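The values are calculated or read from the model by the stated rules, or taken from the named source; none is laboratory data. Because the structure is predicted, anything quoted here is derived from the model rather than measured. Please note: Cβ atoms are built from the backbone with ideal geometry, for glycine as well, and neighbour counts cover all protein chains shown.
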Amino acid sequence: MKPNIPDFYNNLDKIYIKIWDLLEAGFKNRDAPFHIPVFICTNNNSADGRVVVLRGVSKEDKNLWFHSDIRSRKIKFLNNNPIGTLLFYDKEEKVQLRIIGKTKVNYKNDTTKRSWTNTGHMSRQCYLGEKAPGSKVISPTSGLTEKIDNYKYSIEDSEIGYENFCVVEFFIQSIEWLYLAAKGHRRAFFTVKNSSVEKNWLIP
Ligand SMILES: Cc1cc2nc3c(=O)[nH]c(=O)nc-3n(C[C@H](O)[C@H](O)[C@H](O)COP(=O)(O)O)c2cc1C
């Protein structure tokens, strides 16, 4: 059987378009593999990754963002070193993206106000724990009261979660593309330079 070769296979411009199509689909479609990338950042001597939900994408500004708890460990890491990686993989598309960027942690500003207003009743539950995520406890717990665990709180009650809510913006510096194909893999590297993007092939 002849392998199916997509039109972006040997074309850097088309790959770049495909990257943004996949990212936008990841933001809009909760079932898309790109909806939940791994976000990696570093402390002094260690690197750590965790899954996050892609909450927004701007092709124009070349940035992405996700929500988090300001008390979480990743935010402490980012205060030391704002550079991180977002790692995406789509099995069907056979595409891996490693995106390096500089983060900005938004807290109690217009960006967080906008995002918090759009954060639904159920999603706000994540920000209603009294103790910081990752705190040591003596017995197993969700960290929430029974009422909050059972969604027995009003949208007004949930407003207190805004104290813990932040939006991590991720300004893209480079994107590494890997496409796995039986006919031969393809790897490409995109460097964001102010308003332009430099595009190069790499050995896979
Ligand atoms: C499917 C899924 C989605 C998640 N989405 C987020 C998210 O959007 N933001 C977030 O801070 N943590 C999210 N988490 C939890 C993180 O993976 C992680 O456990 C948590 O943020 C604590 O990480 P830290 O201690 O490194 O800060 C998600 C976990 C899973 C499994």
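How about region 67-92: which of its residues are surrounded by 14 or more Cβ atoms within 10 Å (Cβ to Cβ) and closer than 30 Å to A181 by Cβ? Selection gives G84, T85, L86, L87, F88, Y89, D90.
Could you tell me which residue of region 93-115 is surrounded by the fewest Cβ atoms within 10 Å (Cβ to Cβ), considering only residues that are within 11 Å of F165 (Cα to Cα) and touching a helix residue (DSSP H, G or I) at 6+ places or on another chain (Cβ under 7 Å)? Within region 93-115, the match that is surrounded by the fewest Cβ atoms within 10 Å (Cβ to Cβ) is V105. Which pairs do you get when a residue that is on the phi > 0 side of the Ramachandran plot, found in region 70-82, comes within reach of a residue that is within 10 Å of the ligand (Cβ to nearest atom), reach meaning Cβ atoms under 7 angstrom, with the pair 6+ apart or on two chains? Pairs that qualify, where the first residue is on the phi > 0 side of the Ramachandran plot and the partner is within 10 Å of the ligand (Cβ to nearest atom): there are none. Among residues of region 105-122 that are over 23 Å from P82 (Cα atoms) and modelled with pLDDT of 95 or more, none has a Cβ under 6 angstrom from a residue that is surrounded by 16 or more Cβ atoms within 10 Å (Cβ to Cβ) and hydrophobic (A, V, I, L, M, F, W, C) at a sequence gap of 6+ or on a separate chain. Restricting attention to region 132-141, the residues that are within 13 Å of the ligand (Cβ to nearest atom) and free of Cβ contacts under 8 Å to residues at least 24 places away in the same chain total 2.
For every residue, the table says whether it meets (1) assigned to a strand (DSSP E or B); (2) within 10 Å of the ligand (Cβ to nearest atom).
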| residue | (1), (2) |
| --- | --- |
| N10 | no, no |
| Y16 | no, no |
| A25 | no, no |
| C41 | yes, yes |
| L54 | no, yes |
| F66 | yes, yes |
